[in-house]
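> Just dropping this structure here.
The values are calculated or read from the model by the stated rules, or taken from the named source; none is laboratory data. It should be emphasised that the depicted structure is a prediction, and the values quoted were computed from it without experimental measurement. Because the Cβ atoms are built from the backbone with ideal geometry, glycine has one as well, and the counts that use them run over all protein chains shown.
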């Protein structure tokens, strides 16, 4: 099936299906990592036709989403003399997608790229929205650009080689979409286990459509799109405190959602039963939902490193029941501290 | 006077006048270099009001338009905790403008910047069009983005401290605009010497308006805008061969125009008298118009390093009389070689 994304700046299709043939009359660079290429590169290359195809394999993992790796990709492109009609293909998870998209956005002031996400998280999340970027010593995704892909190919087949924890991280993102935007989708998730390809494809479709709607009304994250950061305000601090090594991004967001829910319950936006229902769904996929906070004040102060903070106000994205969301920067510090003490 | 630039993506004003007061309700970082700040920083600061103002001074010169300097600017922004409402001010010539604009375009996926160009070249050229970027070992401006400024303030007063050679480089750019797009402007330049503030302001206005028109019909350089690269195909090779150290960018473009003119004469697009009239005007401002080519084949091969080349075709921008331009990638190598032999 095909989901069309129409934005003020551009329009492109997301194909959720067996990988189709890709024919390009230009040079192509496939950006991937050893894990993905080990499993799936021959399959991709069998589907790909272009004037010239080369592959650059970069180290696997969030800790390599750096300026150094970005320059490795760009240098490969310069060495292969890519021009403005050339195309990059992001073949991997969110890290590969973010870096490839950013490289494409700044190579000769912008060339096209195609996303072929291979993890559940990147299929439902990173493949829609055009956010690209890298981390640096100050935090995550602090350098980057908005750059939309030319097309996205989502083949659930790639998930067959995905480690269980990474699958769970993707499910956390799917649950996030449902809690924020669709009570009906949340009900569907309570009834349909993501343990078979049919349900997985359906859940990807629902997530992508939901995110596509959100992004189409707010490409540059001025308003509604900020709702997608439900769980991220807390999650980023958790990732930061654990040096981006203990939890996968989706896992940290999962814990962050549980924290945001506690805050939402505290100020009366969410009932305790609703919060429990969300936590139970996360637990059923063995997604981590607990985190031991060593120092509550330190944790709180780390919010200010987050790029979503505006001067001295912290923006919280809190569920307003299930299927709606409230974005607020008017939460009392004492309420937050009390919630954090519960962890 | 004010020139409005309206693009599909945005709209902004260019003020050509004494520097006006700038009031911003956000953090501001002024990016400048020791030369400009030595002469003019107190003047700028006296006009600037913001929540917090800090200054980052980076080394002066094209050879510092690098990833390292870019990271120096970005690090300053992170250290000062700029957020998405913060504003960068580019206070210097084209190098400062290109790097500041690029830093603004990738800092937290894009923040605003204001241009206050202090050289004639950057006032007439770099301040319009939104091209930002840096150089690397593969060539000039190969990494960058299109990012439009929030506003541009052009104060001819800054030119009082500009070295004579740099002034000439700016005049070369003005002559380029006239030759490409306006026979009337070229006639005006033959009649009005740029040796007083009134004429200089008028020439800046005419150049900016011309470039604004070109950019407004072709923001992302798909067509007409390529005409602005008249002189650049040759000029880039000259800069590359001389390690970006012997000639200023505008000087190299000046020589490149003379080379392009010879080619245009050879294939019948320009008369010898027209070519002479352009060269005489350049000479009258002591802008270099000659260059000794050591090895004609080497020079030719260097065209292919240029990012404007598409695969094996070289794009030439040649004057079609004075006031019009022809963009072509169908020039015979033998014609180019013969022209190069004349240098």
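> Is it the case that residue B:290 is farther than 25 Å from residue B:211 by Cβ and in contact (Cβ under 8 Å) with a residue 24 or more places away in the chain? Explain how you work it out, then say what you get.
Values: farther than 25 Å from residue B:211 by Cβ: yes; in contact (Cβ under 8 Å) with a residue 24 or more places away in the chain: yes.
Here the answer is yes, as residue B:290 does meet what is asked.
> Would you pick out the residues in the range B:8-39 that are assigned to a strand (DSSP E or B) and within 21 Å of residue B:54 (Cβ to Cβ)?
First, the residues of the range B:8-39 that are assigned to a strand (DSSP E or B): B:11-16, B:22-23, B:27-32.
Of everything in the range B:8-39, those that are assigned to a strand (DSSP E or B) and within 21 Å of residue B:54 (Cβ to Cβ) turn out to be B:22, B:23, B:27, B:28, B:29, B:30, B:31, B:32.
> A further question follows. Read through the list (1) in a helix (DSSP H, G or I); (2) touching a strand residue (DSSP E or B) at 6+ places or on another chain (Cβ under 8 Å), then give the number of the only condition that residue A:270 fails.
(1)
> Still on this model: In the list B:204, B:154, B:175, which residue meets the criterion of being in contact (Cβ under 8 Å) with a residue 60 or more places away in the chain and assigned by TED's automatic domain parsing to the domain that holds residue B:33? If you could, list the steps in order and put the result at the bottom.
Numbers: B:204 fails: assigned by TED's automatic domain parsing to the domain that holds residue B:33; B:175 fails: assigned by TED's automatic domain parsing to the domain that holds residue B:33.
Criteria check complete, one pass: B:154.
> What's the number of the only condition in (1) over 19 Å from residue A:112 (Cα atoms); (2) at pLDDT below 95 that residue A:12 fails to meet?
Of (1) over 19 Å from residue A:112 (Cα atoms); (2) at pLDDT below 95, only one is false for residue A:12: (1).
> Check residue A:83 against each of (1) touching a strand residue (DSSP E or B) at 6+ places or on another chain (Cβ under 7 Å); (2) buried (at least 23 other Cβ atoms within 10 Å of the Cβ); (3) farther than 20 Å from residue A:216 by Cβ and name the one condition it does not meet.
Unmet condition: (2).
> Condition check: over 15 Å from residue A:85 (Cα atoms) and free of Cβ contacts under 8 Å to residues at least 12 places away in the same chain. Does residue A:61 satisfy that? Walk me through it before giving the result.
Working: over 15 Å from residue A:85 (Cα atoms): yes; free of Cβ contacts under 8 Å to residues at least 12 places away in the same chain: no.
Judged against the criteria, residue A:61 is not a match.
> Scan the range B:311-343 residue by residue and report those that are in a loop (DSSP other than H, G, I, E, B) and surrounded by 13 or more Cβ atoms within 10 Å (Cβ to Cβ). Write out each step before concluding.
Kept after step one, since they are in a loop (DSSP other than H, G, I, E, B), are these residues of the range B:311-343: B:311-312, B:314-315, B:320-324, B:329-332, B:342-343.
Once the filter is applied, which keeps residues that are in a loop (DSSP other than H, G, I, E, B) and surrounded by 13 or more Cβ atoms within 10 Å (Cβ to Cβ), the range B:311-343 yields B:311, B:314, B:315, B:320, B:321, B:322, B:323, B:324, B:329, B:331, B:343.
> Of everything in the range B:46-58, what is touching a residue at least 12 places away in the same chain (Cβ under 8 Å) and either surrounded by fewer than 19 Cβ atoms within 10 Å (Cβ to Cβ) or in a helix (DSSP H, G or I) (or both)? Give them in sequence order.
As a first pass, look at the range B:46-58 and keep what is touching a residue at least 12 places away in the same chain (Cβ under 8 Å): B:47-58.
The answer is B:47, B:49, B:50, B:51, B:52, B:53, B:54, B:55.
> For the list (1) free of Cβ contacts under 8 Å to residues at least 12 places away in the same chain; (2) in contact with a helix residue (DSSP H, G or I) (Cβ under 6 Å, 6 or more places away or on another chain); (3) within 17 Å of residue B:116 (Cα to Cα), I need the number of the one condition that residue B:160 fails.
Every listed condition holds for residue B:160 apart from (2).
> Against the condition farther than 30 Å from residue B:86 by Cα and surrounded by 13 or more Cβ atoms within 10 Å (Cβ to Cβ), how does residue A:263 come out, does it pass?
Working: farther than 30 Å from residue B:86 by Cα: no; surrounded by 13 or more Cβ atoms within 10 Å (Cβ to Cβ): yes.
No; evaluated as a whole, the condition is false for this residue.
> Please verify whether residue B:53 is in the same structural domain as residue B:150 (by TED's automatic domain parsing), touching a strand residue (DSSP E or B) at 6+ places or on another chain (Cβ under 6 Å) and under 30 Å from residue A:99 (Cβ atoms), treating the condition exactly as stated. Can you show your working first?
Values: in the same structural domain as residue B:150 (by TED's automatic domain parsing): yes; touching a strand residue (DSSP E or B) at 6+ places or on another chain (Cβ under 6 Å): yes; under 30 Å from residue A:99 (Cβ atoms): no.
So residue B:53 does not fit the description; no.
> Could I ask something else about it? Going by the conditions given, is residue A:109 crowded, with 23+ Cβ neighbours inside 10 Å and free of Cβ contacts under 8 Å to residues at least 40 places away in the same chain? Quick ask: steps written out before the conclusion?
Numbers: crowded, with 23+ Cβ neighbours inside 10 Å: yes; free of Cβ contacts under 8 Å to residues at least 40 places away in the same chain: yes.
Here the answer is yes, as residue A:109 does meet what is asked.
> Within the range A:1-36, which residues are under 22 Å from residue A:128 (Cβ atoms) and out of contact with any strand residue (DSSP E or B) (no Cβ under 7 Å at 6 or more places or on another chain)?
Once the filter is applied, which keeps residues that are under 22 Å from residue A:128 (Cβ atoms) and out of contact with any strand residue (DSSP E or B) (no Cβ under 7 Å at 6 or more places or on another chain), the range A:1-36 yields A:6, A:7, A:8, A:9, A:10, A:17, A:18.
> Consider residue B:92 against the criteria (1) touching a residue at least 40 places away in the same chain (Cβ under 8 Å); (2) touching a strand residue (DSSP E or B) at 6+ places or on another chain (Cβ under 6 Å); (3) within 22 Å of residue B:11 (Cβ to Cβ): it satisfies all of them except one. Which criterion is unmet?
If we test residue B:92 against (1) touching a residue at least 40 places away in the same chain (Cβ under 8 Å); (2) touching a strand residue (DSSP E or B) at 6+ places or on another chain (Cβ under 6 Å); (3) within 22 Å of residue B:11 (Cβ to Cβ), just (3) comes out false.
> Given the options A:251, A:239, name the one that is buried (at least 21 other Cβ atoms within 10 Å of the Cβ), under 18 Å from residue A:138 (Cβ atoms) and within 21 Å of the chain's Cα centre (by Cα). Write out each step before concluding.
Numbers: A:251 fails: under 18 Å from residue A:138 (Cβ atoms).
When all the criteria are applied, what remains is A:239.
> Can you tell me which of A:303, A:316, A:343, A:299 is touching a residue at least 12 places away in the same chain (Cβ under 8 Å) and within 14 Å of chain B (Cβ to nearest Cβ)?
On the way: A:316 fails: within 14 Å of chain B (Cβ to nearest Cβ); A:343 fails: within 14 Å of chain B (Cβ to nearest Cβ); A:299 fails: within 14 Å of chain B (Cβ to nearest Cβ).
It is A:303.
> If you don't mind, there's one more thing I want to ask. (1) in contact with a strand residue (DSSP E or B) (Cβ under 6 Å, 6 or more places away or on another chain); (2) away from every other protein chain (no Cβ under 14 Å); (3) modelled with pLDDT of 95 or more: which one isn't true of residue B:39, the others all being true?
Among (1) in contact with a strand residue (DSSP E or B) (Cβ under 6 Å, 6 or more places away or on another chain); (2) away from every other protein chain (no Cβ under 14 Å); (3) modelled with pLDDT of 95 or more, the lone unmet condition for residue B:39 is (1).
> Could you list all residues from the range A:3-26 that are within 11 Å of residue A:205 (Cα to Cα) and either in contact with a helix residue (DSSP H, G or I) (Cβ under 9 Å, 6 or more places away or on another chain) or loosely packed, with under 11 Cβ neighbours inside 10 Å (or both)? Step through it out loud before you land on a result.
To start, the set of residues in the range A:3-26 that are within 11 Å of residue A:205 (Cα to Cα) comprises A:3, A:14-17.
Selection gives A:3, A:14, A:16, A:17.
> With the condition kept exactly as written, say whether any residue in the range B:183-196 is surrounded by fewer than 22 Cβ atoms within 10 Å (Cβ to Cβ) and assigned by TED's automatic domain parsing to the domain that holds residue B:56.
The answer is no; no qualifying residue exists.
> Within the range A:241-248, is even one residue in a helix (DSSP H, G or I) and either within 14 Å of chain B (Cβ to nearest Cβ) or at pLDDT 95 or above (or both)?
Looking only at the range A:241-248, we keep the residues that are in a helix (DSSP H, G or I), and these are A:241.
Retained after the next criterion (residues that are either within 14 Å of chain B (Cβ to nearest Cβ) or at pLDDT 95 or above (or both)): none.
Within the range A:241-248, not a single residue is in a helix (DSSP H, G or I) and either within 14 Å of chain B (Cβ to nearest Cβ) or at pLDDT 95 or above (or both).
> For the range B:59-168, which strands (runs of 3 or more DSSP E) that fit wholly inside it have 2 or more residues that are more than 18 Å from residue B:250 (Cβ to Cβ) and away from chain A (no Cβ under 14 Å)?
Details: elements: B:87-92, B:112-117, B:131-136, B:139-146, B:151-154.
Answer list for the range B:59-168: B:87-92, B:112-117, B:151-154.
> Kindly check whether there is at least one residue in the range B:215-222 that is touching a helix residue (DSSP H, G or I) at 6+ places or on another chain (Cβ under 7 Å) and crowded, with 19+ Cβ neighbours inside 10 Å. I'd like the intermediate steps shown before the answer.
Let us first name the residues in the range B:215-222 that are touching a helix residue (DSSP H, G or I) at 6+ places or on another chain (Cβ under 7 Å), namely B:215, B:217-218.
Adding the requirement that they be crowded, with 19+ Cβ neighbours inside 10 Å leaves B:215.
Yes: one or more hits.
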